Amino acid sequence: VQAELAQLTNARQREIVLEEYEYFISNLGTLTATEYKVYELYLEGKNARQIAQLLGISENTLKYHNKNIYSKLGISSRKQLLRFAALKQHKDAVSQS
């Protein structure tokens, strides 16, 4: 998963619109605890069915959380979520070293 995130960061950086990324970063704090857990599980490489099982919710409830996450973060897909999250992880790692 980490290798995939790194690949998304490097290969897709040019596709990232800075304003959209900044909106994403500035609104991560608006996610509820459950929404943030869903976000983290996606970053761990879990798929929708696995996340629903881990959280003990239906796939329809997960879709509801996804819709809220996408809306709050100004994104439109899981791919975009992973791309922005990969860039954030990369920038966090660089700033810590």
- request: Could you tell me which numbered condition Lys72 fails, if it satisfies all but one of (1) of a type in the set (D, E, K, R); (2) at pLDDT 95 or above; (3) in a helix (DSSP H, G or I); (4) out of contact with any Asp or Glu (no Cβ under 8 Å at 6 or more places or on another chain)?
  value: (4)
- prompt: So which residues in region 56-69 are open to solvent by 60 Å² or more (accessible area, probe 1.4 Å) and either assigned to a helix (DSSP H, G or I) or of a type in the set (Lys, Arg) (or both), if there are any at all?
  reply: Glu59, Asn60, Lys63, Tyr64, Lys67
message: Suppose we filter Leu54, Leu18, Leu28 for residues that are of a type in the set (A, V, I, L, M, F, W, C) and under 20 Å from Glu4 (Cβ atoms); which single one remains?
response: Leu54
task: Starting from region 43-60, keep only residues that are over 16 Å from Ala33 (Cβ atoms), then list their pairs with residues that are among the β-branched types (Val, Ile, Thr) and open to solvent by 70 Å² or more (accessible area, probe 1.4 Å) whose Cβ atoms are within a distance under 8 Å, requiring at least 6 positions of separation or different chains.
output: Glu44/Val1; Gly45/Val1
statement: Considering residues that are crowded, with 16+ Cβ neighbours inside 10 Å and either in a loop (DSSP other than H, G, I, E, B) or on the phi > 0 side of the Ramachandran plot (or both), the number found within region 25-55 is 2
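Return the residue satisfying two criteria in turn: it lies in region 75-97 and is open to solvent by 20 Å² or more (accessible area, probe 1.4 Å) and either in contact with a His (Cβ under 6 Å, 6 or more places away or on another chain) or not in a helix (DSSP H, G or I) (or both), and of such residues it is farthest from Val38 (Cα to Cα).
The first filter runs over region 75-97 and keeps only residues open to solvent by 20 Å² or more (accessible area, probe 1.4 Å), leaving 76-80, 82-83, 88-97.
Filter again for either in contact with a His (Cβ under 6 Å, 6 or more places away or on another chain) or not in a helix (DSSP H, G or I) (or both), leaving 76-77, 97.
Numbers: Ser76: 16, Ser77: 14, Ser97: 28 Å.
In this case the residue turns out to be Ser97.
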task: Report whether or not Lys72 is in contact with a Phe, Trp or Tyr (Cβ under 9 Å, 6 or more places away or on another chain) and crowded, with 16+ Cβ neighbours inside 10 Å.
output: no
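The values are calculated or read from the model by the stated rules, or taken from the named source; none is laboratory data. Please read all numbers here as calculations on a predicted model, not as lab measurements. FYI the Cβ positions are ideal-geometry reconstructions off the backbone, even for glycines, and counts take in every protein chain you see. We work out accessible area using only protein heavy atoms, side chains counted, and drop any ligands, DNA or RNA first. Shrake-Rupley method; radii C 1.70, N 1.55, O 1.52, S 1.80 Å.
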